[in-house]
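Beneath this line is the structure, given in structure tokens, with notes to follow.
What follows is calculated from the coordinates using simple rules that are stated; it is not laboratory data. Only a predicted model underlies this, so the values are computations on that prediction, with no experimental measurement involved. When we count neighbours, we look across all protein chains shown, and the Cβ atoms used for this are built from the backbone with ideal geometry, even at glycine.
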Amino acid sequence: MAESDTFSGLVVFVTAARAGNFTTAADQLGVSKSAVGKSISRLEDRLGVKLFNRTTRRTSLTADGEAYFATCAAAYDEIAAAEVALTSSNRVIGGRLRLDMPVAFGRRILLPILLEIAKPHPRLSLTLSFTDAIVDPLHDDVDLVIRFGTLPDTHGLIARKLTSQKLLICAAPSYLSEHGVPRSLADIGDHWNIVGMPKRPPVNWLVQDSGNSRRFTPAPTHQLSDGEAIIAAAVAGFGICQMPSSVLREHLDAGRLVSILEDLSHTSVDIHAVWARQGQLSPKVRYVVDQIVEYAASGALN
């Protein structure tokens, strides 16, 4: 068997093992699922061992597959690192990048930036998802995640801070005219409040109280699954919300929303780019992260 065929089989094997299924591996490699399956079968025949347990529902490594993967993945990462080092000054950025981001921030702020970032690289394909649910780069089919707030568990992850944003509490003028303007946190209990849902923040508000930042849980009059919907409900006069300044600015400038309780709104939230820790960061992820960081440094994310 030619050395090129052997190495190709190793690449397919490592990709499939990391992806957790042949369909995702095929998508990442730009080949058919059957081609991935045939390549794995040829590798298994050559080695004389079974590498994957395959059923109609799931694909998992066998004990032999786990041992083989540990060696192959390390070697593959070393080769990838060498290629990146040799071509870092003049490389073609390509492949599919899967990125997940919060709904309101993603659509209003980050999407135009990502399109500008991708424009010079026609071989770079974007798969962009917008959700306020918690996405795990270690287990979900995603290369890069944009997260707001603290990162409670960074084991196996790498996080790069992009910027910080002020959190504002606001409501529509029509709502305030009908229900009055709250003057303190104690007043919030008498108002309609618009919050997120469990695992789809923000459920709590972060406020400055007596010189300290703390979490405050308003009574959830309305619970909506994403930030864009929370903002829309606030604009429609359904209550009070707290969101990052960048996604509220358009409505504040137009007078559709009014900032309130400003003495409590001296808190900020950090925004991070997060990806799974691996032997070598892929060129496409490195490029996109570096570009987002540059945009952040210019103030484009605020």
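I need the fraction of alpha carbon pairs in the chain separated by more than 30 Å, rounded to a whole percent.
Tail fraction, whole percent: 45.
How are the Cα pair distances of segment 111-178 distributed, in percent, across 5 Å bins from 0?
3, 9, 18, 17, 16, 14, 9, 6, 5, 2, 0
Report the gain in length on full extension from Leu138 to His222: 0.36 nm times residue separation, minus Cα-Cα distance, nm rounded to one decimal. Intermediate results must be reported in sequence, preceding the final value.
Working: separation 84, 0.36 × 84 = 30.24 nm, distance 3.22 nm.
Between Leu138 and His222, full extension yields 27.0 nm more.
Run the numbers for Lys119 and Ser8: contour at 0.36 nm per residue of separation, minus the present Cα-Cα distance, in nm.
37.0 nm
May I ask which residue of Val269, Ile194, Ala159 lies farthest towards the positive end of the charge dipole of the chain, with charges of +1 (Lys, Arg) and -1 (Asp, Glu) on Cβ and the Cα centre as origin?
Ala159
Suppose every Lys and Arg Cβ carries +1 and every Asp and Glu Cβ carries -1, with no other charges. What dipole size does segment 165-269 come out with about its Cα centre, to the nearest 20 debye?
About 300 debye.
With a/c under 1.5 counting as rounded, go ahead and sort segment 165-269 into rounded, prolate or oblate using the C-alpha gyration tensor (a ≥ b ≥ c being the square roots of the eigenvalues; past the cut-off, prolate if a/b is larger than b/c, else oblate).
The shape class here is rounded.
Please report Rg (one decimal) and Dmax (integer) in Å for the Cα set of segment 8-82.
11.6, 37
Using each residue's phi in segment 167-177, evaluate 6.51 cos²θ - 1.76 cosθ + 1.60 at θ = phi - 60° and report the 3J(HN,Hα) Karplus result to the nearest Hz, with x for Gly and Pro.
Whole-Hz 3J(HN,Hα) from phi for segment 167-177: 9, 10, 9, 8, 7, 6, x, 5, 5, 5, 5.
Under the definition of Cα pairs under 8 Å and six or more residues apart, what whole-number percent is the relative contact order of segment 209-302?
22 percent.
Total Lys pairs in the chain closer than 21 Å by alpha-carbon, pairs eight or more apart in sequence or interchain only?
Qualifying lysine pairs in the chain: 4.
Based on Cβ point charges of +1 for Lys and Arg and -1 for Asp and Glu, what charge dipole magnitude is obtained for the chain about its Cα centre, in debye rounded to the nearest 20?
Charge dipole of the chain: 560 debye, to the nearest 20.
Based on the Cβ-Cβ distance from Leu185 to Arg249, what FRET efficiency comes out when R0 is 30 Å, to the nearest 0.05?
After rounding to 0.05, the efficiency reads 0.80.
Please give the calculated 222 nm ellipticity per residue for the chain, where each DSSP H segment of at least 4 residues contributes -39500 (n - 2.57) and the sum is spread over every residue; nearest 500 deg cm²/dmol?
-12000 deg cm²/dmol
I need the calculated FRET efficiency for the pair Ser268 and Arg160, taking r as the beta carbon distance and R₀ as 22 Å, to the nearest 0.05.
FRET efficiency, Ser268 to Arg160: 0.80.
Tell me the angle of helix 3-19 to the major Cα principal axis of the chain, expressed in degrees between 0 and 90 and rounded to the nearest ten.
Around 30 degrees separate the two axes.
If one computes P(r) from the Cα atoms of segment 228-302, what percent of pairs lie at distances over 15 Å? All intermediate terms of the calculation are to be shown ahead of the outcome.
Details: 1856 of 2775 pairs.
Summing the P(r) of segment 228-302 above 15 Å gives 67 percent of all pairs.
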